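Encoded as structure tokens, here's the structure I'll be asking about.
The values are calculated or read from the model by the stated rules, or taken from the named source; none is laboratory data. As the structure is a prediction and not an experimental result, all values here were calculated from the model. Neighbour counts are summed over all protein chains in view; Cβ atoms, including those assigned to glycine, are modelled from backbone coordinates with ideal geometry. All accessible areas refer to the heavy atoms of the entire protein, side chains included, with ligands and DNA or RNA removed. Shrake-Rupley method; radii C 1.70, N 1.55, O 1.52, S 1.80 Å.
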Amino acid sequence: MACTINVNLPQQSYEIVIAPSTLGQIGEYMSRLKLGNKVLVVSNPTVFEIYGQPVVNSLQSREYEVSTCILPDGESYKNLDSIKIIYDACVENRLERSSTMVALGGGVIGDMTGFAAATWLRGINFVQVPTTLLAMVDSSIGGKTGVNHPQGKNLIGAFYQPKFVLIDPEVLQTLPDREFRAGMAEVIKYGVIWDADFFAQMEATTGLDNIKAISPELLETILRLSCQAKADVVGKDEKEAGLRAILNYGHTIGHAVESLTGYTKVIHGEAVGIGMVAAGNLAAELGMWTHTETERQNHLIEKAGLQTHLPSNLDIDAIIDALQIDKKVKAGKVRFVLPTQIGKVEITDQVPNDTIRRVLSAMS
Ligand code: NAD
Ligand code: GLY
């Protein structure tokens, strides 16, 4: 079971390969791209300890000159200090314009490696080897790269596309259950915003909350349909001039929850799950879709083992204030992605604060 999805872009198209047991064949895939022979593998200790050696061995077997840069693990290290560590490794290992950075890890490593690759020597090659579900279905695709600023998440960044994305689903077997469930939030997102059949397929499935309960066939379907949805949207609007903003479904309130809980109590995917519940409830309150559809969505989110309530002690006014510094604010108005039916969403800035407050109170 293997499949390839094309991300078709005006400047540079690329492939996402989803194939089990391929991590140790990265060298072979890379050699097909005809890139320079220096490779910097960027990872963290958690991931590198399990998967670093097969990747390095495979690259070396294809005559690549491989160096590594191991950054501390965690969202709190997604900052310019870590980017400097990557730049230092570039200097030490004399990376050139033809060299390649390989991001081996979750979204944190992928976003930072992409940003370092975008800016080192005004841009060198990079390849994504995502190892979390969230990174496989979302962050490794589409070229959003960057780091956090003390004042906000992902405020520093660049659009910079990878040359290739290699997804080996087997690495998910070592992913902590909590991280798997967090990734399922982004998977469910694609069903709500883009693909009603995929949504219905997930509704008809049991055991979405646990990688061990998911068959390889179902996992391949989840990865394929999610990556296809992301590739479709990015292919139509690479730089988020319009359509791509629908990928931020659940992220408006999600980002506020994530930042107000310090990025650790509620992790990104969990916050997106809560944000989708809030967005669905807002849409129902505004008469944009039905209460039945809200329930279908919220039930699926629960089935994936995700929270549908706000964390305790979170102040609703603080959430409303936090929405104002979100990147999705335009001309002083907060923009929400709200569903109109399963598989379809709209972007609106016509959401009264009273309605937000009422919906959030009901979720407390
Ligand atoms: P993460 O990168 O922090 O990884 C989660 C944890 O899992 C880490 O501790 C990591 O070391 C560990 N891990 C990773 N793979 C593992 C494996 N196979 N086995 C065992 N442990 C493993 O978190 P994430 O959820 O992958 O990414 C979140 C980040 O992605 C956030 O910074 C978010 O802003 C970003 N993001 C970016 C985009 C984008 O389009 N660029 C989209 C969504 C999210
Ligand atoms: N994850 C949002 C985007 O890629 O646009």
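Sort out for me the helices (runs of 4 or more DSSP H) sitting completely within the range 147-238 that have 1 or more residues that are among the aromatic types (Phe, Trp, Tyr).
Output list reads 177-193, 196-203.
Go through ILE325, ILE274 for me and flag whichever is among the aliphatic types (A, V, I, L, M) and open to solvent by 70 Å² or more (accessible area, probe 1.4 Å).
The match here is ILE325.
Among the residues of the range 244-300, what is the count of those that are part of a loop (DSSP other than H, G, I, E, B) and either within 22 Å of GLY106 (Cα to Cα) or in contact with a helix residue (DSSP H, G or I) (Cβ under 6 Å, 6 or more places away or on another chain) (or both)?
Going through the range 244-300 one residue at a time, the tally reaches 10.
ALA241 - would you say it is part of a helix (DSSP H, G or I) and among the aliphatic types (A, V, I, L, M)?
no
Let me ask something else about it. Being free of Cβ contacts under 8 Å to residues at least 60 places away in the same chain and within 9 Å of ligand 1 (Cβ to nearest atom) is the filter here; which residues of the range 121-132 pass it? Talk me through it step by step, then tell me what you get.
Here is the first cut: in the range 121-132, the residues free of Cβ contacts under 8 Å to residues at least 60 places away in the same chain are 121-124, 126, 128, 130, 132.
Residues satisfying the conditions are PRO130, THR132.
Please list, ordered by residue number, the helices (runs of 4 or more DSSP H) wholly in the range 5-119 having 2 or more residues that are among the β-branched types (Val, Ile, Thr), open to solvent by less than 50 Å² (accessible area, probe 1.4 Å) and in contact (Cβ under 8 Å) with a residue 12 or more places away in the chain.
Numbers: elements: 26-33, 45-61, 80-92, 107-119.
Ranges flagged: 45-61, 80-92, 107-119.
Follow-up question, since we're still on this one. Taking the range 235-270 as the region of interest, how many residues are within 11 Å of ligand 2 (Cβ to nearest atom) and acidic (Asp, Glu)?
Residues that pass the stated criteria total 3.
How many of the residues in the range 169-218 are open to solvent by less than 10 Å² (accessible area, probe 1.4 Å) and of a type outside the set (Ser, Thr, Tyr)?
19
Checking the structure you have, find out if any residue of the range 258-271 is at pLDDT 95 or above and open to solvent by 30 Å² or more (accessible area, probe 1.4 Å).
Yes; the residues of the range 258-271 include at least one that is at pLDDT 95 or above and open to solvent by 30 Å² or more (accessible area, probe 1.4 Å).
Among (1) surrounded by 15 or more Cβ atoms within 10 Å (Cβ to Cβ); (2) more than 20 Å from the chain's Cα centre (by Cα), there is one condition ASP315 misses while meeting the rest; what is its number?
Only one criterion is unmet by ASP315, namely (1).
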